[in-house]
Every structure is written in structure tokens, then in C-alpha cells.
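For reference, the structure discussed in these notes is given below.
The values are calculated or read from the model by the stated rules, or taken from the named source; none is laboratory data. Bear in mind the structure is a predicted one, so any value in this text is a computation, not a measurement. Cβ atoms come from the backbone with ideal geometry, glycine included; neighbour counts cover every protein chain shown. Note: areas computed on protein heavy atoms with side chains; ligands, DNA, RNA excluded. Shrake-Rupley method; radii C 1.70, N 1.55, O 1.52, S 1.80 Å.
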Amino acid sequence: TSWTVTAGAVALPHGRGAVLSFEDITAVEAAEAMRRDFVANVSHELRTPITALSGFIETLRGAARDDPAARERFLSIMEREAGRMSQLVADLLSLGRVEQEERQRPTGTVDLSALVAQVAALLEPVAARDRVRIRLELPEAPVSVPGDEEQLRQVLSNLVGNAIKYGGADRDVTLSLGAPAQHRELRGAGVRLSVTDQGEGIAPHHIPRLTERFYRVDSHRSRAVGGTGLGLAIVKHIVNRHRGRLRIESAPGQGSSFSVILPAS
Ligand code: ADP
């Protein structure tokens, strides 16, 4: 089909008229274009490590065959590329799952205070590699919300992981959890969970696009730190499923703050 109008009225013979809406067609076409983009992106993301692996296999068979130091170096690059592929596949599976579950309300209850402490402990060794200090700001009384524990753990570890990756070495990453309060965005009671870093920040025009699949401010940097470009897309779907809001506040040179506001009940 080659519709060029998005909506319109047509005159029919004998003075009859009809109003046609092409909105459905454009929506279907937009969805189809998005799907094509997604497949093209996935193929591209996979092709890069596969090309690297094939190249190094060739080199190991040939030039580097009798050079133990070169072999070792190439093998570690191959290991890294294989790791990149498996991270991509894991993120794709996660994304598929969270998209599928987005319409089902989560049924559990999650102790966010415990979860924050858990994720901080889990990522401590990763932070330590970059001499990043994880600071916690927790309210005195434990805070729980309705939700899916596994998914909220993923939200938090993606945000803290990014804060470590993009926050820069020798800096702090702060995880803060607020006590339940009224939140205008939710038109009701909610809990705010924020991850703040002291990194280089993000220019305003990038901010609205960060949760798109494969959108990166700096692809080279993202790949160098092991990013897949899917982390915030996954976060967005999970937050939607919880009827929450994701707020991103950042300015170049001033660090970034990613906050999730979840309904308290
Ligand atoms: P990636 O796997 O590339 O990190 P994400 O979806 O998690 O993918 O994030 C998308 C992009 O948003 C990143 O590539 C990076 O450019 C930017 N970004 C995410 N978190 C931060 C942060 N804390 N500081 C600066 N930029 C960030």
C-alpha cells in the first residue's frame, strides 16, 4: 500500500460522502517500521562481534599460531566479544518477557529497603573496580510497594549499573529511597527511588530518547563499557507495568539522576 494521507474525507458519486480514517493504517505501518528497525538493529549488533570472532579465529590459525603472547591477547578479545553477544541475547530475552507481561499487574509485595541494600551489595565489586563508592539513603522505617521483586531488582541494577559505568571513576553513586508521600505524577501516594551519579551528564535533547531500544548518547562509549543499549528500554517497560513513572534529570557536567516513582498501594 502507498497511502500518503493520514485522514481525510472523500466525496462519493450521487452526493454521498464518507469520512475515512487512515489512522489505523498509519499505526500499523509505524509498528511495522519499528519492527524492521529493531530487526536491523539486532542484526547489526550481532554482526559486529561475529565478524570480530571470525577474524580472530582466522588469525589464530594463521599469523598468531606460534606466538603465545598474541594468542593470549586474541583469546581475551574473543572472550569479551562472546560475552557481549551473550549479554545482548540476555537483554533481548528480558525485553521480550517484560513486553509480554506489561499488561498483567504484578501480584507480589516488594520490600524496597531490602532490595536497595541487596542491589548495592551485589554491585559493590563492580563499583570497586572503578573506585566508585555506593552511598545509601534509606528512610528509618522499611518501605514496601506492590510489585514484582525480580523485575524491580532488574530496574535498580540497570540504573545503578549505568551510574557506575557512566558516572566516572573515583566518584559517588547515591541510591536514595523516600518514605511514601503524595506524588503529583501519580495522583496519589507513591515512593521515589533515585539513583544519582556525578558523571558528565546528558544533554537535554538526548533525554527523551534514552528509553528507546538501542538509543545511545555515545555508541562507542556504551560498547566500551559493555552496554547493549537495551537497559533503559527494559526499565521503562517494567516501570510502566507497575504504573509508575521514570524521571530523568541531568545536565552536562552536573551528573544524572534517574528516579522511579512507584505507587505505594
Ligand atoms: P547501554 O547498554 O548503552 O548503557 P541503556 O539503555 O542502559 O544502554 O542506556 C542508554 C544510553 O543512555 C547509554 O548508552 C548512555 O549513553 C546513556 N546513559 C544511561 N545512563 C546514564 C548515566 N547515568 N549517565 C550518562 N549517560 C547515561
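Numbers at a glance
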quantity: Reduced Cα scattering model of the range 126-265, Debye log10 I(q)/I(0), q = 0.09, 0.10, 0.18 Å⁻¹; calculated: -0.26, -0.32, -1.07
quantity: Relative contact order of the range 116-265, defined on C-alpha pairs under 8 angstrom at six or more residues apart (%); calculated: 26 percent
quantity: Rg/Rg_globular for the range 41-139, with Rg_globular taken as 2.2 N^0.38 Å and Rg from C-alpha atoms; calculated: 1.62
quantity: Contact order normalised by residue count of the range 43-144, Cα under 8 Å, 6+ apart, percent; calculated: 24 percent
quantity: Size of electric dipole in the range 51-173: Cβ of Lys, Arg +1 and of Asp, Glu -1, about Cα centre, debye, nearest 20; calculated: 360 debye
quantity: FRET E, pair ARG105, THR26, Förster distance 51 Å, beta-carbon r, rounded to 0.05; calculated: 0.95
quantity: Of all accessible heavy-atom area on the range 67-118, the percent that carbon and sulfur account for (1.4 Å); calculated: 51 percent
quantity: For the chain, accessible area per residue (1.4 Å probe, heavy atoms of protein chains only), Å²; calculated: 59 Å²
quantity: Span-rule helices in the chain, defined as complete DSSP H runs reaching 27 Å or more along the axis (Cα) with Kyte mean at least -0.5; calculated: 23-61, 68-101
quantity: Gain on full stretching of the segment that runs from ILE77 to ARG36 - 0.36 nm per residue minus C-alpha separation; calculated: 11.7 nm
quantity: Calculated diffusion of the chain, Stokes-Einstein form, Kirkwood radius summed over Cα pairs, 20 °C and 1.002 mPa s, µm²/s; calculated: 100 µm²/s
quantity: Relative contact order (%) - the chain, alpha-carbon pairs under 8 angstrom, separation at least six; calculated: 17 percent
